[in-house]
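The values are calculated or read from the model by the stated rules, or taken from the named source; none is laboratory data. As the structure is a prediction and not an experimental result, all values here were calculated from the model. All Cβ positions, glycine included, derive from the backbone under ideal geometry; neighbour counts span all protein chains shown. For accessibility, only protein heavy atoms count, side chains too; no ligands or nucleic acids. Shrake-Rupley method; radii C 1.70, N 1.55, O 1.52, S 1.80 Å.
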Amino acid sequence: MPGAKAHALIGAVAGGLLSHWLLPDDTPHRGWKILAACTVGAAVALVPDKLEPALNPNHRALFHSLLTAAAVI
């Protein structure tokens, strides 16, 4: 089971890649916007564990579901 560091890393990579693909190449301050997306992605990836802390090994429930993620998006 990945910990907070792994969640944050995966979120940062996902945010960075998504913004890299979606932002046009001529966007002003594109690099800073990609960096901001990495930061936001890392923070958002930590939200499920904050809402539903790991109290036992099988703590994956409502806030760790794809349905909840889709609803947030």
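Structural remarks
- In the context of the full set of protein chains, segment 6-48 has a per residue accessible area of 67 Å² (1.4 Å probe).
- In nm, spacing of pseudo-spin labels at Leu18 and Glu52 (7 Å Cα→C-beta vector): 1.9 nm
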